[in-house]
Amino acid sequence: MHMRNKGILMVISGPSGAGKGTICKALLEKNEDIFLSVSATTRNPRDGEVDGVNYHFLKKEDFLSRIDAGDFLEYAEVYGNYYGTPKSSVEKMLNEGKNVILEIDIQGALEVKEKFEGGVFIFILPPSMEELKQRIIKRGSETPESLMTRFKSAYQEINYVSKYNYAVVNDTVEEATEKIEAIIMAERCRVDRIKENILDSKEGFIHEQLYD
Ligand code: 5GP
């Protein structure tokens, strides 16, 4: 049965150091039908980050005027900087049947949950808290203060797992990626997503048999 459906919006969060970024990158490389939404932010680019690829880097005034214009599906202040998901590009991709990943923080995810029906909320967990600590330290891009801030908030954030639909433990990137691919496949078969298409296509079929 041939059906064209809207893409699935996947919201992926988890404490920093859980490996969200690596998992999302692997998902994009392996799957042609998965796309990442590029967020806007007011934070400074890190070494190697490219404007328009990793983020749309904006001045605070510009970010605030986009909030006023209603350009964001959600936005949040994280560690003193603003981050937001551009609404129109996400809607366009979904309408084209593309599956879209939002890699956003918990506040943002909760906002999307309020505003958007049919999102799939996935929480990435580190294999252990010790592993999480090691990963944050290894990343090395943080000052000691921001390292402490990120580590403390990681502990707090894990409580929010209960607001999500799926929890994926990141033992290895390969396994975590496969789990998310399985989630997408299952979500694509959900009756509430495809019911109308099946029924329409059934009507079309009967019509063809009787009158064509
Ligand atoms: P980083 O500065 O390390 O790139 O990101 C810091 C945090 O901001 C991460 O938890 C990341 O998921 C989150 N983040 C990135 N983009 C967005 C966004 O568009 N909206 C929200 N709410 N959070 C975001």
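Each value in this text was obtained by applying a stated rule to the coordinates, not by laboratory testing. Remember, it's a predicted structure, so these values are computed and weren't measured experimentally. With ideal geometry, Cβ positions are generated from the backbone for all residues, glycine too; neighbour counts draw on all protein chains shown.
Only beta bridges with both residues in the chain are counted; by DSSP, about 30 percent of them are antiparallel. For the stretch 36-134, the dipole from Cβ point charges (+1 on Lys and Arg, -1 on Asp and Glu) about the Cα centre works out to 80 debye, to the nearest 20. Amide hydrogen proximity for Leu9: with H placed 1.01 Å from N in the peptide plane, the residues at 5 or more positions away or on another chain lying under 5 Å are Val100, Val120. Positive end of the dipole of the stretch 65-212 (Cβ unit charges, origin at the Cα centre): among Ile136, Val173, Gly119, the Cα lying farthest that way belongs to Ile136. Specify whether the C-alpha gyration tensor of the stretch 58-146 places it in the rounded, prolate or oblate class, a ≥ b ≥ c being the square roots of the eigenvalues: rounded for a/c under 1.5, otherwise prolate if a/b is larger than b/c and oblate if not. Oblate, because a/c is 1.5 or more while a/b does not exceed b/c.
Each stretch of four or more DSSP H residues adds -39500 (n - 2.57); spread over every residue of the chain, this sum gives -15000 deg cm²/dmol at 222 nm. Measuring against 25 Å, Cα to Cα, the residue pairs Lys25/Lys179; Lys25/Lys133; Lys87/Lys202; Lys59/Lys133; Lys115/Lys163; Lys6/Lys87 contain Lys87/Lys202; Lys59/Lys133 as the ones spanning a longer distance.
Residues in the stretch 21-37 carry Karplus couplings, in order, of x, 5, 5, 4, 4, 4, 4, 5, 5, 8, 10, 6, 9, 10, 10, 9, 6 Hz; the curve used is 6.51 cos²θ - 1.76 cosθ + 1.60 with θ = phi - 60°, and Gly or Pro positions show x.
In terms of the mean number of neighbouring beta-carbon atoms within 10 Å, the peptides 196-207, 100-111, 34-45, 9-20 order highest first as 9-20, 100-111, 34-45, 196-207. Straight-line reach from Lys113: which aspartates and glutamates have Cα under 13 Å away, leaving out those fewer than 8 places along the same chain? Those aspartates and glutamates meeting the cut-off are Glu74, Asp105.
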